[in-house]
Amino acid sequence: MAAFHPTLDQLPPEIAVFPLSGALLLPGGRLPLNIFEPRYLAMTLDSLGAGRMFGMIQPEPGAPRGETGPGLYRIGCLGRLSSFAETEDGRLLITLTGVIRFRVAEELPMRRGYRRVRADYAGFEADLDPSGTPAGIDRPALLGALRPFFKARGIEANWEAIEQTSDQLLVLTLAMVCPFEVREKQALLEAATPEARAAMLVALLQMGAHPEPGAGDLPPDRRPS
């Protein structure tokens, strides 16, 4: 199947959104999801019939709750369903591939129980450039911060595979899978450039390897809202 590289005018102006704390999708990244709630099963099936795209977005901690649910961060990431399987018990196992970040222009009426927004892609056009590769990533600093972070968190890693992974893919993967807090993941999403995201990732890894006394290591609440 040919790679999916849409132009700005091919992107949907109105999209469904999946609010999920602690789940980060970045442009070019791949996020596996286990869909089982009726409203998100409906959202996924509707998306399959309409361009195969919906947005991932995090609820904002402390934001006031609205009529449709928890308050959301204003920036999320549009993803495209790149793989899909149905289980015998009716769940959907999908992979969402990040396309472009978006800003919530306004929230729209719900449809079949799931939330929808009008998406504004202005300012994120560079996300659509498949040839864009980050420059100036300090790989030794990244790997130097990663080893103590994994050790502190008890995470085992295939270091041979990590060494062979490109800078771009390594930053994407680590930003998405490392157990950072909700606000930290949002900051990674909103980073202005890939280089800024890589530098922020190194800083978060360094801080995470030396937690403050008394700080808990509980993972963020990953229940959809």
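The values are calculated or read from the model by the stated rules, or taken from the named source; none is laboratory data. Given the structure is predicted, the values throughout are model-derived calculations rather than measurements. Here the Cβ positions follow ideal geometry from the backbone for every residue, glycine too, while neighbour counts run over all protein chains shown.
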The correct count of residues that are modelled with pLDDT of 95 or more and under 22 Å from residue 140 (Cβ atoms) in region 181-196 is 2
Of the residues 113, 76, which is more than 18 Å from residue 25 (Cα to Cα) and at pLDDT 95 or above?
-> 113
Kindly provide the set of residues from region 62-93 that are under 19 Å from residue 176 (Cβ atoms) and assigned to a loop (DSSP other than H, G, I, E, B), ordered by number.
-> 73
Does any residue in region 82-101 that is of a type in the set (D, E, K, R) come within less than 8 Å, Cβ to Cβ, of a residue that is assigned to a strand (DSSP E or B) and surrounded by 11 or more Cβ atoms within 10 Å (Cβ to Cβ) six or more places away or on a different chain, and which pairs are these?
-> 86/92; 86/93; 91/35; 101/75; 101/76; 101/77; 101/78
Enumeration of residues in region 96-116 that are surrounded by fewer than 15 Cβ atoms within 10 Å (Cβ to Cβ) and not charged (D, E, K, R) = 109, 110, 113
Is it the case that some residue within region 86-95 is surrounded by 15 or more Cβ atoms within 10 Å (Cβ to Cβ), closer than 27 Å to residue 193 by Cα and in contact with a strand residue (DSSP E or B) (Cβ under 6 Å, 6 or more places away or on another chain)?
-> yes
Of all residues in region 51-82, which are β-branched (Val, Ile, Thr) and either surrounded by 21 or more Cβ atoms within 10 Å (Cβ to Cβ) or within 22 Å of residue 7 (Cβ to Cβ) (or both)?
-> 57, 75
Hits in region 1-50 - residues which are surrounded by 15 or more Cβ atoms within 10 Å (Cβ to Cβ) and of a type in the set (Gly, Ala, Ser) = 16, 21, 22, 23, 28, 29, 42, 47
Filtering region 172-190 for residues that are more than 13 Å from residue 29 (Cβ to Cβ) and assigned to a loop (DSSP other than H, G, I, E, B) leaves a count of 3
Consider only pairs whose beta carbons are under 6 Å apart and that are at least six residues apart or on different chains; among these, list those whose first residue lies in region 52-76 and is touching a residue at least 24 places away in the same chain (Cβ under 8 Å) and in the same structural domain as residue 116 (by TED's automatic domain parsing) and whose second residue is of a type in the set (Asp, Glu) and surrounded by fewer than 16 Cβ atoms within 10 Å (Cβ to Cβ).
-> 75/190
What residue, of 161, 157, 122, 203, is more than 22 Å from residue 101 (Cα to Cα), modelled with pLDDT of 95 or more and surrounded by fewer than 20 Cβ atoms within 10 Å (Cβ to Cβ)?
-> 203
Note: among 84, 102, just one is under 19 Å from the mean Cα position of the chain (by Cα), at pLDDT below 95 and assigned by TED's automatic domain parsing to the domain that holds residue 58, namely 84
Of those in region 112-171 that are among the β-branched types (Val, Ile, Thr) and assigned to a helix (DSSP H, G or I), the residue nearest to the chain's Cα centre (by Cα) is 171
